[in-house]
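Let me begin by presenting the structure, written as structure tokens, before commenting on it.
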Amino acid sequence: MKALPALPRLHAITDERIARRPDLDTVAQQLAAGGREHLAFHARGRALSGLEHYELASRLGAYAPTRLFVNDRLDVALAVAATGVQLGHGSLTPEDARRLNPGWWIGKSVHDLREAEAAHAGGADYLLVGPVFPTATHPDRAPLGAARLKEIAGLGLPVIAIGGVTPERIPELMAVTIHGVAAITALWHAADPAGAAQRMVEELNG
């Protein structure tokens, strides 16, 4: 693992609907208050234009000491001086991304052991793995469960688990020796975003 900056343990990921919410800045500020240096915002939205993605990333990058990651759009990540990038199935390889900025945390989204092994061999710094539990975000994907998640964690890269993650489920995930978790609904749609982020960090840190 890289020495600095530390890879955050809690990742708050957006989608197009969240990116266009009128209360985006208010909720982001609350999440940042609860998660602080343990929280990374992911500027993500496949249907966003380049300008929309840049504006989203710029807004999410305003809440120090949180970190900013950008999904897929490496041009946007360069423009906003992001801490890291999250690469999907159709993105550039980790090796290609590293040529753009060797200081980035470079993550790869994977859904099974085969994809995880390929990402590990391809030079990813960490793996975003899911869905670990049933989730409305990807109802077509069967959840991995703890046993298969443990296999992926055994590859040795930091694992960020996503998919149906709630504060109550984090102890079960930590027993698999993962590094952290990512969430959309449990953070952005929480009744108390600051409290939700704080509780998840507390569960992650034991």
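Size of the dipole of the chain about the Cα centre, Lys and Arg at +1 and Asp and Glu at -1 on the beta carbon, nothing else charged, in debye to 20?
I would put it at about 140 debye.
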Length-normalised contact order of segment 78-187, Cα under 8 Å, at least 6 apart, in percent, tallies to 20
Count the net charge of all other residues whose Cβ sits under 12 Å from the Cβ of His42, scoring Lys and Arg as +1 and Asp and Glu as -1.
+1
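Checking the a/c ratio against 1.5 first, then a/b against b/c, what shape does the Cα gyration tensor give for segment 1-44? Write out the running numbers ahead of the final one.
On the way: a/c = 3.75, a/b = 1.81, b/c = 2.07.
In terms of gyration-tensor shape, oblate.
Pop out the carbon and sulfur fraction of the accessible area of segment 12-101 as a percent, whole number, probe 1.4 Å.
Numbers: 2090 of 4190 Å².
On segment 12-101, the fraction of accessible area on carbon and sulfur atoms equals 50 percent.
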Calculate the spin-label point distance for Ala147 paired with Asp23, positioning each point 7 Å from the Cα along the beta-carbon direction, and give it in nanometres.
4.2
Run the numbers on the chain and let me know its relative contact order in percent, using alpha-carbon pairs under 8 Å that are six or more apart.
21
If the elastic network links every pair of Cα atoms under 10 Å, which of Ala77, Ala146, Ala182 fluctuates the most in the Gaussian network model of the chain?
Ala146
Evaluate the distance, in nm, between pseudo-label points positioned 7 Å from the Cα of Thr177 and of Glu55 along their respective Cα→Cβ axes.
4.6
GNM, the chain, Cα, under 10 Å: largest mean-square fluctuation among Glu151, Glu52, Glu172?
Glu172
How large is the accessible surface per residue of the chain, computed with a 1.4 Å probe and reported in Å² as a whole number?
46
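Stretch Glu168-Glu95 to full length: gain in nm at 0.36 nm per residue minus the Cα-Cα span? Could you put the intermediate results ahead of the total?
Numbers: separation 73, 0.36 × 73 = 26.28 nm, distance 3.63 nm.
Additional length available on full extension: 22.6 nm.
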Take every Cα pair under 8 Å in segment 98-139 that's 6+ residues apart, average their separations, divide by the length, and report that relative contact order as a whole percent.
39
Overall form of the chain per C-alpha gyration tensor (a/c, 1.5; a/b vs b/c):
rounded
Can you find, among Ala118, Pro131, Val201, the residue farthest towards the positive end of the dipole of the chain? Put +1 on the C-beta of Lys and Arg, -1 on that of Asp and Glu.
Ala118
What number, rounded to the nearest 500 deg cm²/dmol, is the helix-based mean residue ellipticity at 222 nm of the chain, given -39500 (n - 2.57) per DSSP H run of at least four residues and division by all its residues?
-10500 deg cm²/dmol
Is the shape of segment 1-75 best called rounded, prolate or oblate, per the rule: a/c under 1.5 gives rounded, else a/b larger than b/c gives prolate, else oblate, with a ≥ b ≥ c the square roots of the Cα gyration tensor eigenvalues?
oblate
Quick check for me: using +1 on Lys/Arg Cβ and -1 on Asp/Glu Cβ, what's the dipole size of segment 102-206 about its Cα centre, in debye to the nearest 20?
120
Given springs between every Cα pair under 10 Å in a Gaussian network model of the chain, which of Pro171, Pro193, Pro94 has the largest fluctuation?
Pro171
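The values are calculated or read from the model by the stated rules, or taken from the named source; none is laboratory data. Keep in mind it's a predicted model, so treat the numbers as computed, not measured. Reconstructed Cβ throughout: ideal geometry from the backbone, glycine too, with neighbour counts over all protein chains shown. Each accessible area value is taken on the protein alone, full model and side chains, heavy atoms only, with ligands, DNA and RNA left out. Shrake-Rupley method; radii C 1.70, N 1.55, O 1.52, S 1.80 Å.
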